[in-house]
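Notes to accompany the following structure.
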Amino acid sequence: MEQAAKSYKRARKLAKWTPYLFISPWIVGILLFTVGPLVFSLIMSFFNWPVTSKPKFIGLGNYSKMFTDDPQFYKSLWITLKFAIFYVPLSLGISLILALLITQNVKGVKIFRTIFYLPAVVSGVAVSIIWGWIFNTKYGILNYALSLLGIEGPKWLVDPNSAIISIVIASAWGVGTMMLIFYTNIKGISPDLYESAAIDGAGPFRQFWSITLPLITPTLFFNLITSTISALQQLTLVLLLTNGGPLKSTYFYGLFVYNNAFKHHKLGYASANAWFMFIIILLLTALIFRSSSVWVFYENEVKNKPARGGKGK
């Protein structure tokens with residue numbers, strides 16, 4: 001009897017730790033490949049850390065240099081913020097419109113759903129090659145299409161005034177993931193709400209404004225955060241399409257960090273650059289979370305509003 005009780009206790013202890021054994025590979029992975037490098041980069045940011053010589057502790061020297069002795073830091077930061085200002089609303093608008101289109105009950109909608117999503121699974125290298133052909137000044141398909149309309153196309157990737165617009169357009173092409181997130185949310189809205197609105201005389205636009213849009217604000221909130229982070233970390237397309245040119249008009253902050261680390265071999269300074277961007281992303285995310293109480297509506301949430309006169313019943 002006593003042996004059975006010990007076996008039972010041993011089995012209970014094993015059952016208690018079993019879930020942790022299953023997730024242990026993920027825990028080890030995130031500690032080794034995410035948390036570890038993150039902490040190590042923070043340590044590196046306080047050192048002068050060249051690749052070929054011994055690192056030297058300089059305290060806040062990298063941060064001081066970044067703010068007071070590197071004009072390219074401010075230029076790259078402004079270019080990235082400008083890109084985010086254009087990219088985030090455009091990508092959200094395109095993905096929402098596509099999501100509304102693929103929710104329509106028409107023949108062949110599954111084919112269009114697949115076509116719209118495909119760019120999201122194409123590698124960044126392939127996307128840059130495709131858009132490099134499209135934006136080519138001499139034989140690009142975009143300028144050719146404009147020439148058929150009698151319009152002389154711009155020099156997309158070689159003109160400082162249009163280069164960043166080209167990056168915005170190429171980046172907004174891969175909105176398939178956000179489109180599917182919007183799509184699943186829209187499909188989850190009860191058809192009864194639309195039927196009731198139609199009976200009351202509401203048209204499609206009124207139904208979208210009064211039913212669809214309020215009910216997808218949690219999804220809009222999520223996509224806003226992810227697209228903002230993605231915009232501030234943009235690197236692949238810029239590196240492969242323009243490499244920061246022309247005249248550094250597309251020298252994004254991500255490319256600024258990349259070149260400091262792997263071209264100029266200033267690993268400590270690049271780590272300080274990266275941590276500053278981490279703080280910027282953290283502050284913007286916190287600001288979006290702070291504002292969500294005003295415009296994000298959750299279906300199971302009742303917001304108490306004070307009655308007129310200042311007193312509730």
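Only one of these is more than 23 Å from the chain's Cα centre (by Cα), under 27 Å from SER230 (Cβ atoms) and of a type in the set (Gly, Ala, Ser): SER91, SER45, SER95. Name it. First the steps, then the outcome.
Details: SER91 fails: more than 23 Å from the chain's Cα centre (by Cα); SER95 fails: more than 23 Å from the chain's Cα centre (by Cα).
The match here is SER45.
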Any pair with Cβ under 6 angstrom, 6 or more apart, that starts in segment 241-262 at a residue that is without any contact (Cβ under 8 Å) to a residue 12 or more places away in the chain and ends at one that is open to solvent by 30 Å² or more (accessible area, probe 1.4 Å): ALA261/LEU267
Test for ILE94: is it in contact with a helix residue (DSSP H, G or I) (Cβ under 7 Å, 6 or more places away or on another chain), assigned to a helix (DSSP H, G or I) and either farther than 13 Å from TYR269 by Cα or not hydrophobic (A, V, I, L, M, F, W, C) (or both): yes
Residue among TRP26, TRP49, TRP17, TRP78 that is modelled with pLDDT of 95 or more, open to solvent by 30 Å² or more (accessible area, probe 1.4 Å) and not charged (D, E, K, R): TRP78
Selection status of VAL35, touching a Ser or Thr at 6+ places or on another chain (Cβ under 8 Å), in a helix (DSSP H, G or I) and under 30 Å from SER271 (Cα atoms): no
Filter result (open to solvent by less than 40 Å² (accessible area, probe 1.4 Å) and either within 16 Å of ILE165 (Cβ to Cβ) or touching a Ser or Thr at 6+ places or on another chain (Cβ under 8 Å) (or both)) within segment 115-126: ALA120, GLY124
Filter pass, TYR139 being of a type in the set (Phe, Trp, Tyr), modelled with pLDDT under 90 and either under 30 Å from the mean Cα position of the chain (by Cα) or surrounded by fewer than 16 Cβ atoms within 10 Å (Cβ to Cβ) (or both): yes
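The values are calculated or read from the model by the stated rules, or taken from the named source; none is laboratory data. Values in this document were obtained by computation on a predicted structure and should not be read as measured data. Neighbour counts are summed over all protein chains in view; Cβ atoms, including those assigned to glycine, are modelled from backbone coordinates with ideal geometry. All accessible areas refer to the heavy atoms of the entire protein, side chains included, with ligands and DNA or RNA removed. Shrake-Rupley method; radii C 1.70, N 1.55, O 1.52, S 1.80 Å.
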